[in-house]
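Peer 1: Can you keep this structure in mind? I'll have questions shortly.
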């Protein structure tokens, strides 16, 4: 009998497991796949290591900072700053036709950029900063406020509004066209006010650190252990049945599989609150270069781009939406020594239905075609690196489904979040994307928060 069974060995599940193991709970994490991390994982192909998911960590406050999400997770998981080996970004930018806003981990740079490009908005920008800082994370009523309506009350230049929405939506909006004011505030603080960083070894360092700590505390991690169903009696989960037929019993279950998938696992037949699965998915190209990007005069860690004055955040009507995207170079962080090879990664919105209906031969051919089109769109905004490419890979929305289980390949899950993590069963709880936090730091904080609220109080 376990105290807590956790479904999913992504960031939130691993963080919850560590938190509970510190309090001598008997914890088992179940993972359907052969590796950990979900979409935030890593793999090796043709002798090269690739990160999946992680562009950068958000919320990067300086070492020794006592407040904020990063400081909280380090304290709650008893991890030191040095163990994460975080290097700050060299700088990033938001680029629309004719306008570029640079930012880094010092808000004063963005202040100066807004003053240069939009001088009439300087005072309004300070009002926006104050409104974002005053946002109360614990006040769920803010989640019902339209961010577009709220920001339009403060910023009067439509182009600047679109430029702010571009990075925040790409890094954390499950809703099409708009964001909740609460989510906007969280993302604005985490990306544009606190900033970005990355471990030299990428996501593998974070995952290996979490697994090592979890197992060191006596936690059990079972790979290739997908959950077929949850056994329910009298409003409570009594155990889980694995796809292998094995049965495990536990006092409670914490699921990071997403709301729709978790509800489908319940075998009680009771009507539950249905949730939209979300439609926003991504394709991502990865190019390995024979030079460092800085040698091509590209020193930005992240470039968020859009090819018109209006930014569209919606389910792509074509296989990939090449009007906008995110260009990431993991080389452009302040490491003590450079990474061995140059890398350029481009992320764009994509249509899940299109990719899922291709047969294998069509799928491989379309990947090649859309790799070229995505890259062509990106090199309008960064130096053209195509003649320096020595290896490539690409993932699509079907890859997202395979490694996360999210319906429709929805990167950020359902637009309807369950902020308290509760379900219709008294001992079944949600953590991770559909609980409400996104990104690596958000996922880890979600696991910690749900463990504290629901698994350490009885």
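Peer 1: Restricting attention to region 389-399, and to residues there that are outside any loop (DSSP other than H, G, I, E, B) and touching a helix residue (DSSP H, G or I) at 6+ places or on another chain (Cβ under 7 Å), which single residue is nearest to residue 56 (Cα to Cα)? Step through it out loud before you land on a result.
Peer 2: As a first pass, look at region 389-399 and keep what is outside any loop (DSSP other than H, G, I, E, B): 389-395, 397-399.
From what's left, touching a helix residue (DSSP H, G or I) at 6+ places or on another chain (Cβ under 7 Å): 392, 394, 397-398.
Values: 392: 20, 394: 18, 397: 20, 398: 23 Å.
Filtering first and then ranking leaves 394.
Peer 1: Taking only region 311-342 into account, find how many residues are over 21 Å from residue 387 (Cβ atoms), within 24 Å of the chain's Cα centre (by Cα) and assigned to a loop (DSSP other than H, G, I, E, B). Give the steps one after another, and end with the answer.
Peer 2: Here is the first cut: in region 311-342, the ones over 21 Å from residue 387 (Cβ atoms) are 311-321, 323-324, 326, 333-337.
Add one more test, that the residue is within 24 Å of the chain's Cα centre (by Cα), and what stays is 311-321, 323-324, 326, 333-335.
With assigned to a loop (DSSP other than H, G, I, E, B) added as a condition, the list becomes 311-319, 334-335.
Going through region 311-342 one residue at a time, the tally reaches 11.
Peer 1: Just the residues that are more than 19 Å from the chain's Cα centre (by Cα) and crowded, with 21+ Cβ neighbours inside 10 Å, please, taken from region 275-293.
Peer 2: 287, 289, 293
Peer 1: Which members of region 85-113 meet the condition of being more than 24 Å from residue 63 (Cβ to Cβ), part of a helix (DSSP H, G or I) and out of contact with any strand residue (DSSP E or B) (no Cβ under 7 Å at 6 or more places or on another chain)?
Peer 2: Hit for region 85-113 is 112, nothing else.
Peer 1: Another one. Looking only at residues that are assigned to a helix (DSSP H, G or I) and in contact with a strand residue (DSSP E or B) (Cβ under 6 Å, 6 or more places away or on another chain) in region 1-24, which one is surrounded by the fewest Cβ atoms within 10 Å (Cβ to Cβ)?
Peer 2: Of all residues in region 1-24, those assigned to a helix (DSSP H, G or I) come to 11-21.
Narrowing further to those that are in contact with a strand residue (DSSP E or B) (Cβ under 6 Å, 6 or more places away or on another chain): 13, 16-17, 20-21.
Numbers: 13: 32, 16: 31, 17: 29, 20: 27, 21: 22.
Among those residues, the one meeting the criterion is 21.
Peer 1: Okay, next question. Considering region 400-449 alone, what residues qualify as being assigned to a helix (DSSP H, G or I) and farther than 22 Å from residue 189 by Cα?
Peer 2: The initial filter retains those residues of region 400-449 that are assigned to a helix (DSSP H, G or I), namely 400-404, 407-409, 439-449.
Residues satisfying the conditions are 400, 401, 402, 403, 404, 407, 408, 409.
Peer 1: Moving on. Quick one: how many residues across region 253-270 are surrounded by fewer than 24 Cβ atoms within 10 Å (Cβ to Cβ) and part of a loop (DSSP other than H, G, I, E, B)?
Peer 2: Count: 4.
Peer 1: While we're looking at this one, here's another question. Identify all residues within region 294-310 that are assigned to a loop (DSSP other than H, G, I, E, B) and within 21 Å of the chain's Cα centre (by Cα); write none if there are none. Don't jump to the end; show me each part of the working.
Peer 2: To start, the set of residues in region 294-310 that are assigned to a loop (DSSP other than H, G, I, E, B) comprises 297-301, 307-310.
Of everything in region 294-310, those that are assigned to a loop (DSSP other than H, G, I, E, B) and within 21 Å of the chain's Cα centre (by Cα) turn out to be 300, 301.
Peer 1: Moving on to the next point. Out of the residues in region 348-382 that are in contact with a helix residue (DSSP H, G or I) (Cβ under 7 Å, 6 or more places away or on another chain) and buried (at least 20 other Cβ atoms within 10 Å of the Cβ), which is farthest from residue 413 (Cα to Cα)?
Peer 2: The residue in question is 375.
Peer 1: Specify which of the listed residues (76, 89) is touching a helix residue (DSSP H, G or I) at 6+ places or on another chain (Cβ under 9 Å) and surrounded by 16 or more Cβ atoms within 10 Å (Cβ to Cβ). Show your work before the answer.
Peer 2: On the way: 89 fails: touching a helix residue (DSSP H, G or I) at 6+ places or on another chain (Cβ under 9 Å).
Of the residues listed, the single one that is touching a helix residue (DSSP H, G or I) at 6+ places or on another chain (Cβ under 9 Å) and surrounded by 16 or more Cβ atoms within 10 Å (Cβ to Cβ) is 76.
Peer 1: Would a scan of region 173-182 turn up a residue that is buried (at least 23 other Cβ atoms within 10 Å of the Cβ), in contact (Cβ under 8 Å) with a residue 60 or more places away in the chain and either on the phi < 0 side of the Ramachandran plot or outside the structural domain of residue 311 (by TED's automatic domain parsing) (or both)?
Peer 2: Yes, some residue in region 173-182 is buried (at least 23 other Cβ atoms within 10 Å of the Cβ), in contact (Cβ under 8 Å) with a residue 60 or more places away in the chain and either on the phi < 0 side of the Ramachandran plot or outside the structural domain of residue 311 (by TED's automatic domain parsing) (or both).
Peer 1: Then there's this: Report whether or not residue 237 is surrounded by fewer than 23 Cβ atoms within 10 Å (Cβ to Cβ) and within 29 Å of residue 427 (Cβ to Cβ). First the steps, then the outcome.
Peer 2: Working: surrounded by fewer than 23 Cβ atoms within 10 Å (Cβ to Cβ): no; within 29 Å of residue 427 (Cβ to Cβ): yes.
Spelling it out, it is not the case that residue 237 is surrounded by fewer than 23 Cβ atoms within 10 Å (Cβ to Cβ) and within 29 Å of residue 427 (Cβ to Cβ).
Peer 1: Give, as residue ranges, the strands (runs of 3 or more DSSP E) completely inside region 25-84 that count at least 1 residues that are assigned by TED's automatic domain parsing to the domain that holds residue 343 and touching a strand residue (DSSP E or B) at 6+ places or on another chain (Cβ under 9 Å). Give the derivation first.
Peer 2: Numbers: elements: 27-30, 41-45, 48-52.
The strands (runs of 3 or more DSSP E) meeting that bar number zero.
The values are calculated or read from the model by the stated rules, or taken from the named source; none is laboratory data. The structure displayed is predicted, hence computed values, not measured ones. Positions of Cβ are backbone-derived with ideal geometry, glycine not excepted, and every protein chain shown enters the neighbour counts.
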